[in-house]
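Beneath this line is the structure, given in C-alpha cells, with notes to follow.
The values are calculated or read from the model by the stated rules, or taken from the named source; none is laboratory data. None of these values were measured; they are calculated from a predicted model. Here the Cβ positions follow ideal geometry from the backbone for every residue, glycine too, while neighbour counts run over all protein chains shown. Accessible surface is based on the protein model in full, side chains and every heavy atom, while ligands, DNA and RNA are left aside. Shrake-Rupley method; radii C 1.70, N 1.55, O 1.52, S 1.80 Å.
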Amino acid sequence: MNIQITEIFRYTAALIAGGLIGYVFGTIQQIALRRNEKRQASGQLNNGWAVMPGSGRRVAYLLIALVLVQLICPAFFYNGSQWWVSAGLVLAYGITLFRQLRHRQANLKS
C-alpha cells in the first residue's frame with residue numbers, strides 16, 4: 001500500500017513538473033508571437049525568414065529545462081514516470097495553444 005502511494009505522488013509530481021514547463025514555454029511563445037506581430041505590423045519584419053525570430057533559441061531553452069528536470073529530479077524519469085512529465089508538458093502547452101485559438105476565433109467573429 002505504501003509503495004502505491006509513493007508512486008501516485010511521483011506520477012502526480014512528474015505531471016505537475018511537465019505541466020509547469022509546458023505552460024511557461026507556451027506563455028513565452030505567445031509573448032514572442034505578440035511582439036513579432038507588432039513588429040511585422042509596423043514594418044520592421046520585412047523578411048519572410050524573420051517571421052518568428054528567436055524560436056530556435058526558445059526551443060533550445062525548453063530542451064535545457066527538460067534536461068535540468070531530469071538531472072535535478074531523476075525520480076521523474078524512473079520506471080515509466082518520464083511519460084507523465086511528457087504528458088504534463090503536452091497538456092499544458094496544448095492548453096495555451098487552445099486558448100490562443102479561442103481568442104483568435106473570438107476576434108474573427110467580432
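The angle between the Cα long axis of helix 2-41 and the main principal axis of the chain comes to about 10°, on a 0 to 90 degree scale. Here is how the number arises for the chain: DSSP H runs of 4 or more residues each give -39500 (n - 2.57), the sum is divided by the residue count, and the result at 222 nm is -28000 deg cm²/dmol. Helix 55-72 against the longest principal axis of the chain: what's the angle in degrees, Cα atoms only, rounded to the nearest 10? Roughly 10 degrees between the two axes. All C-alpha pair distances within the chain, sorted into 5 Å bins from zero, spread as 2, 11, 16, 18, 15, 12, 9, 7, 5, 3, 1, 1, 0 percent across the bins. Ordering S81, S86 by accessible surface, largest first, gives S86, S81; the 1.4 Å probe counts only protein heavy atoms, with every chain in place.
Treating the beta-carbon of each Lys and Arg as +1 and of each Asp and Glu as -1, no other charges, what is the dipole magnitude of the chain about its Cα centre, to the nearest 20 debye? Each step should come with its number before you reach the end.
Working: 11 positive and 2 negative charges, 125 e Å.
The dipole magnitude comes to about 600 debye.
State the percentage of accessible surface on the chain attributable to carbon and sulfur atoms; use a 1.4 Å probe and exclude ligands, DNA and RNA. Intermediate results must be reported in sequence, preceding the final value.
Values: 5450 of 8100 Å².
The C+S portion of the solvent-accessible surface of the chain is 67 percent.
Computed from the C-beta positions of I28 and N79, the FRET efficiency with R₀ = 22 Å rounds to 0.10. Solvent exposure of the chain amounts to 74 Å² per residue of accessible area, where only protein heavy atoms count and the probe is 1.4 Å.
Would you mind calculating the gained length between S86 and T12 on full extension (0.36 nm times residue separation, minus the Cα-Cα distance), in nm to one decimal?
Details: separation 74, 0.36 × 74 = 26.64 nm, distance 1.22 nm.
The S86-T12 span can extend by a further 25.4 nm.
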